[in-house]
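Below you'll find the structure, written out as structure tokens, and then a few comments.
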Amino acid sequence: MSVSRHRYTVGVDIGGTFTDCVTMDSRGTVTVGKSLSTPDDYSVGALNAVRNAAESLGLADETELLGSTRLFFHACTIGDNALITGSGAVTGLITTKGFADTLRIMRGRFTDGVPESEIFHLATLDKPAPMVPRALIKEVDERVDYKGSVLVRLDPAQVEKAVAELESSGVEAIAVSLIWSVADDRHERAIAEMVAERYPGIFLSLSSEVAPYLGEYERTATTVFNASIGPRISTYVKRLGGRLRETGLDGEPLIMQSYGGVLGVEATARNAIGTIESGPAAGVSGSAWLGHLMDLPDILATDMGGTTFKVSVIRDGAIEMDYKPVLLRHQIYATKIWVESIGAGGGSIAWTDPKTGLLKVGPEGAGAQPGPACYGLGGAEPTVSDADLVLGYLNPDYFLGGRMSLDAEQARCAVEQGVAEPLGLSVEAAAAGIYRIINAHMSDLIRRATVERGYDPRDFTLFAFGGAGPVHAARYAAELGIKQVVVPLTASVHSATGLVSSDIVYQYGKSDRLLVPADRERVNRNFDELARRARADLAAAGFEGDGVRIERSLDMRYRYQVHELNVGMPEGAEPLSEQELEGVYERFDRLYERTYGPGSGYREAGKEIMNFRLTATGMLDKPRLQRYPLSSGDAGGAVTGRRKVCFEEFEEARETPVYGFESLQPGNEIAGPAVIETPVTTILVNPGDRAVMDEYRNIRLLIGS
Amino acid sequence: MDTRIRGIDPVTFEILSHRLHQVTREMGITLERTGGTVNTTQQRDYMASLYRPDGEILCAGATLGQHVACASCAVKSIIKRFPPDEIFEDDVFLLNDPYLAAIHQSDVYVIAPIHHRGRLVAWSATFVHVNDVGAMSPGGDSPDATEIFHEGLRVPGIKLVERGRLRQDVFDTLTNMTRQPGMVGLDFKCEIAANNVAKARLAEMYDHYGPELLESVGNEMIRYTEAILRERIDSFEDGEWTEELALEAQDTWRMKVTLRKRGDRLVFDFTGTDPQAVTGVNLPFHGTAGFCFAAVLTTLVYDLPKNHGVLRPLEVIAPEGTLVNVKYPGPVSMNTTSCGFGIGFLASSVLMQMLGTHERWRDEIVTPNASHRNGKHSGISQYGRYCVFNLAHGAMDGNGARAYRDGIDSGGTYMSCPNAEWFELNFPVLYLFRRHAVDSAGPGRFRGGLAVETAHTPHDAPEGRLGGVAYGVAGLRNSGHGMYGGYPGAPSVIVLREGTRVHEVMGRDRSAVDLDEVGGRERVLPYCNFEFNEGDVLYMRVASGGGYGDPLTREPGRVRADVADGVVSEDAARDIYGVALKPETREVDPDATDALRRRVGHGNGGSVHTRSGMDSHPGTSCPGCGATAAESGPQARVFPPTEAGPLMGDMEGRYLFEKLYCSSCKALIRADMVSEER
């Protein structure tokens, strides 16, 4: 890379409390800036974090840093916050007459996203609150059928009336979702033209653009979510772009999408739904990038924070996607990095059932306030963090690098009263029980993420993120037979790190159900149409020729099924030959049996193609990560002390060496049992395991070696 | 009995019971992803569970408790039929005989032994409702069948897979006897796949933890569920509660249950139920017991591990030769959604009455619902192929009201229904509307959930027509029932409108959402096969939830919100809820509301009924002053059915709406439809 004026790549990730900034220079040196998030105007916090990073780099201010920035990446939670707090735009919906209740009926399916323990409690279960009040849903006479034939023509007068009523009710955004707009979108377009003409200030979201897939409920839900966050997202990204430009950035911010690529300001404004959960998505794409550098193609990216444990799968370098994710208990059609999650974290509460004498952990958590008992903020119920402290895994005087101290007495007291006494156990045994149960829950979730999809967890390397992750990771990994756990150097800012390694990625798709053997011309025509749009968008963003990668895939299933499998195709956009198409069908059969088990496939049922998908990538130069020379294996110099730690292998707590992460040298090896303390987390090295610091200063735990 | 876990450390117990539960969950997901029929892929009309070597339930999956219990019979039946030395590792069995274990032939059980080091340590079993079984009517439910031999293939136990090898000859023989071998093949395959999942996961657990530990975990799970359930039952005062339900179609069939609670046991006694029918609505005994088991699971056991321990404190009495214990070779093909759901309703109703007597359990009440009315079509699709399809409307029933909240609107008896677009893509029909039915929810302080109403017409059917089958809980009381003064929900109906103007209306560029405008000759369908011709419209309204508490005590603001949402009409707001809205603002008029409520409430109106309706509900006590029936000497007043809501018109001439008031405090004790004959 030439040493130009533009020597930094910058990533800014806005979280609930903190805004992280990561900069990487041309040698791959990572510098971190942090600032409080500023909910009134998040762009203020973003620039504060940039300034903080600039200071660490010894630069004058944010203007100097931005003036020497090559690419600026960004992930924001504005859409997530608006949805969670119900503070999105006032949104109206226009739909086909007879189908106004589609969103409320939800196909009768409403337990997605509800914890398993609550699904069977019929006395308390409810549907989520309506996304759009009934008064803001307007029906218009019109009807298209499955072939795209118009059966009832759209009546412009009715549209006019509906829009006028919505406008006078004060809507800021209008979602339009008509039955079978995926077969013919002319009525949706006609409505859009009328709205744009009469009320140019209203944000518009068309189902045929946002989610052009079959299924009116999911398509409508996606379109409404997009409409309700659209005004905010578009205002925000435009304002941020302006402010960055004023402050010296040459170019526009690139905004992270939930599928792990970035888009420019205009494209983001149109597809606001893409920003949902984009911060965590950046983290997973960062894991894929690190895995690529480290030559680890198969990764389980796990994240254990205060309340939630999440796992995503990277297989053969590619991140597993979810095409029908659940958002706030609604199924939507938006491509998103696939995440399995459960309520398990440092704050998960342990409790006993006095009747049965059983010990349970979670899914309820103590939250940030009061938090675990050991935080000393008034929490009295024992949590996983309290157990970790009792067991000696955490250092009460060096939590979060000493930024917070923990109250060991409170932790003991909570575990004793909440678990040990009712079960007649010692405090240590009770804490060990909490620790084992939460680990088992997490390994059960990883099993769900791998084994259930036909993967063998033993083929994967596990990445452990989140404050609580590295305390537990070696145990939940061992339970699954996983051999290596990596705690990346950048674990504390992994979302921001993921940002700087991103590409520009556009996603396209459409539903067109074709029975197999499909008409090849039509298959190629569908892909061509998507590819044309992709090339135009990429060209507008400045990508052509070698810098462009196009990947196509098909959602397929056996006839009459409803769940599809996504089958990849040869890279590129060349028309498919008959032979290649045959190959795709065979790959479906193989993928089906791999996913659901040998003998599950049934070719006699016939197959069908449901959806065409195309991903277009504009490849950006990837930053390098600094590599350090490896020194000798002896880590003795990094020992900062010893303390009593409980391991299930030993009857009693035993004196265990504690290492300071900062003093460890690449190449150092540590034999378990040991504890490594970093400024952001604690890494537990269990008896029989070894820890090694690698050339990137990541800690690798080698399980059972 | 000691309710504490014994002989095993509680941490290990928790970890392993969680794992077992995860295995049944994964089996279910496998069925859902790989099944053929919409019952499996969308409705969660499936079951996946684990059993002990003797066939007792080890760990029940989350869905359809009745099949969890019946599959236990199926496992036992396989054990009986096949000598131990003929049950090999990696065998998979299939059984669907209702006279052995299944409920009707469409319910196909697939069962697999699980071995550890050559020893049989457990069984897994699944059930799915396959798309066709070669019965008289396409899709299985056969209204014209009069004996079991009309109702399709009936397998008493056969090896589908032997030592890991699919017996293709057997597989082909079975699918060959159905109208849609491709889809039924997928249904069988998904069951094999799910049992393979169980085998693989359990093998890993047995290798890791050893058979002794797993066996003691299994023993303890069952023992402690039983102990807690017994303790819970014992915490109620002894008592007796009854309920009745009539299926009304071409004939009327009455079912009756008495729940006797004695100490730590529950006895469901169906004595008094009508003799078995010549139509296939009859249940085998194990089916009846299974539905009772399921009702207990969702009430007293909702938060406990679900296993054989639940069955032990229960007894079911069902006289032979009746609707609830059919004698061979009586027909059964429509039984699950008719008498089966009827029993589900009866059992749940008496349990709810029992819960109402206990402070701790009253909050768990969900008013019972005799839900499920549905249809199937068959014929040539727009793609020129023969097809059979289930309209899957059972996923859109309104659910019962709760003690502290409204019932769930379109919450469903089953999991979910496909999109209208999915139906139209695959089958030659066009939906005219799919919406919440105004005033369908049973009124109450907390109202029931709203039902969905739909209408569809043939579209692009190459032959210009389709076949149809109407089934489910037929009758006028086939919906939610109210409790403590809550009103019943609107009945569910299937109405065929023949020779409508639907094409004409749409030809004028109007959506055909107004049935008066669509017209046609109306025919309310009983259990029957019917022809569905070009220009016909099928209107279906599923069951609604019943209300909880007197609607006159509903917070007026909630009524106003329902009116604003268009789900309660202004007439109903005024006449049933006694809520007056200001004409200009549509806000509640408090003074007019007070006056209205005084006028319509407190036992006014209607005519005094000579009969006390309390005889069928002797356990009911006044929600106002707590007086028992004997003490309060309740007064009955009767009204025409439409007093309970504008959708009750069909009941005119057959039912009266009866309100029971407490003589001492005037509170509404019960509001229900009673047969005019009585």
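Quick note: the coordinates plus some simple rules give every number you see, no bench work behind them. Model, not experiment: these values are computed from the prediction. As a convention, Cβ positions derive from the backbone with ideal geometry for all residues, glycine included, and neighbour counts pool all protein chains shown.
Sorting A:287-300, A:94-107 by their mean Cβ neighbour count within 10 Å, with the most densely packed peptide first, gives A:94-107, A:287-300. Size descriptor for region A:1-87, Kirkwood hydrodynamic radius: 13.2 Å (Cα pairs only, one decimal). Annotation for residue B:639 and residue A:129: the two label points, set 7 Å from Cα along the Cα-Cβ direction, are 3.3 nm apart.
By the count of neighbouring beta-carbon atoms within 10 Å, fewest first, B:511, B:137 end up ordered B:511, B:137. For every other residue with a beta carbon closer than 13 angstrom to the beta carbon of residue B:49, add +1 if it is Lys or Arg and -1 if Asp or Glu, then tell me the sum. Here the charged neighbours net out to 0. Could you compute the net charge surrounding residue A:185? Neighbours are other residues with a C-beta less than 11 Å from the C-beta of residue A:185; K and R count +1, D and E count -1. Net of charged neighbours comes to 0.
Annotation for region A:120-193 versus region B:7-65: alpha-carbon center distance of 40 Å.
With the largest listed first and rounded to whole Å, the semi-axes of the equivalent ellipsoid of region B:32-95 from the Cα gyration tensor are 24, 14, 9. Please give the net charge around residue B:278, taking every other residue with its beta carbon less than 11 angstrom from that of residue B:278, where Lys and Arg add +1 and Asp and Glu add -1. Computed value for this residue: -3.
Three principal axis extents describe the C-alpha atoms of chain B; from largest down they are 78, 66, 46 Å. Between the Cα long axis of helix A:578-596 and the first principal axis of chain A there is an angle of about 40°, rounded to the nearest 10.
Sorted largest first, the principal axis extents computed over the alpha-carbon atoms of region A:87-234 equal 49, 35, 25 Å.
For the pair region B:285-306 and region A:493-508, the centres of their Cα atoms are 50 angstrom apart. P(r) for region A:4-46, from all Cα pairs and a bin width of 10 Å, is 31, 42, 23, 4 %, short bins first.
When peptides A:649-657, A:137-145, B:375-383 are ranked by their average number of other Cβ atoms within 10 Å per residue, the highest-first order is A:137-145, B:375-383, A:649-657.
Given that compact globular proteins tend to follow 2.2 N^0.38 Å, what is the ratio of the alpha-carbon Rg of chain A to that value?
Values: Rg = 26.5 Å, N = 705, 2.2 N^0.38 = 26.6 Å.
Rg over 2.2 N^0.38 Å, computed on Cα atoms: 1.00.
What the Cα atoms of region A:292-424 give is an Rg and a Dmax of 18.4, 53 Å. Adding -39500 (n - 2.57) for every DSSP H run of four residues or longer, then dividing by how many residues chain A holds, sets the calculated 222 nm ellipticity at -9500 deg cm²/dmol. Rounded if a/c is under 1.5, else prolate if a/b is larger than b/c, else oblate: which is region B:109-184, with a ≥ b ≥ c the root eigenvalues of its Cα gyration tensor? The shape class here is prolate. The residues A:511, A:208, when put in order of fewest to most other Cβ atoms within 10 Å, stand as A:511, A:208.
Between the residues A:626, A:566, A:433, the greatest Cα displacement towards the positive end of the dipole of chain A, with unit charges on the Cβ of Lys, Arg, Asp and Glu, is found for A:566. FRET efficiency for the residue A:621 to residue A:571 pair, using the beta carbon distance and R₀ = 30 Å, is estimated at 0.90. DSSP beta bridges fully contained in chain A are about 70 percent antiparallel.
Relative to one another, the C-alpha centroids of region A:1-64 and region B:67-95 are positioned 65 Å apart. Taking the inverse of the mean 1/r over every pair of distinct Cα atoms in region B:367-553 gives a Kirkwood hydrodynamic radius of 16.7 Å. Where the alpha-carbon atoms of region A:636-692 are placed on the principal axes, they occupy 33, 20, 18 Å, in descending order. Full extension of the chain between residue A:190 and residue A:593 gives 140.6 nm of extra length, using 0.36 nm per residue less the Cα-Cα distance. Across region B:10-227, the volume of the C-alpha convex hull divided among the residues equals 116 Å³ per residue.
Rounded to the nearest 20 Debye, what is the dipole magnitude of the protein assembly as shown about its Cα centre when Lys and Arg each give +1 and Asp and Glu each give -1 at the C-beta? Kindly include the intermediate steps, with their values, before the conclusion.
Working: 140 positive and 184 negative charges, 68 e Å.
Computed charge dipole of the protein assembly as shown: roughly 320 debye.
Counting only C-alpha contacts under 8 Å and six or more residues apart, can you give the relative contact order of region B:367-553 as a whole percent?
Relative CO of region B:367-553 lands at 32 percent.
Remark on region A:290-369: hydrodynamic radius 15.0 angstrom, per the Kirkwood mean of 1/r across alpha carbon pairs.
Would you list A:179, A:437 from fewest to most Cβ contacts within 10 Å?
Listing A:179, A:437 from fewest to most nearby Cβ atoms yields A:437, A:179.
Counting only other chain Cβ atoms within 10 Å of each residue's Cβ, the peptide A:116-124 averages 6.
Scattering from the protein assembly as shown was approximated by placing one identical point on each alpha carbon and applying the Debye formula without solvent; log10 I(q)/I(0) at 0.04, 0.06 1/Å stands at -0.24, -0.57. Partner shielding of B:536-547 amounts to 0, given as the average count of beta-carbon atoms from other chains within 10 Å of each residue beta-carbon.
If R0 is 35 Å, the Cβ-Cβ spacing of residue A:158 and residue A:521 corresponds to a FRET efficiency of close to 0.35. Peptide B:428-440 has a mean of 4 when you count, residue by residue, the C-beta atoms of other protein chains within 10 Å of its C-beta.
Partnerless cysteines in chain B, where a partner means another cysteine C-beta under 4.7 angstrom, comprise B:59, B:70, B:73, B:190, B:292, B:339, B:387, B:417, B:528. Against chain A, whose longest principal axis comes from its Cα atoms, helix A:186-198 is set at around 90 degrees. Sorting A:576-589, A:57-70 by average packing, meaning the other beta carbons within 10 Å per residue, from highest down gives A:57-70, A:576-589.
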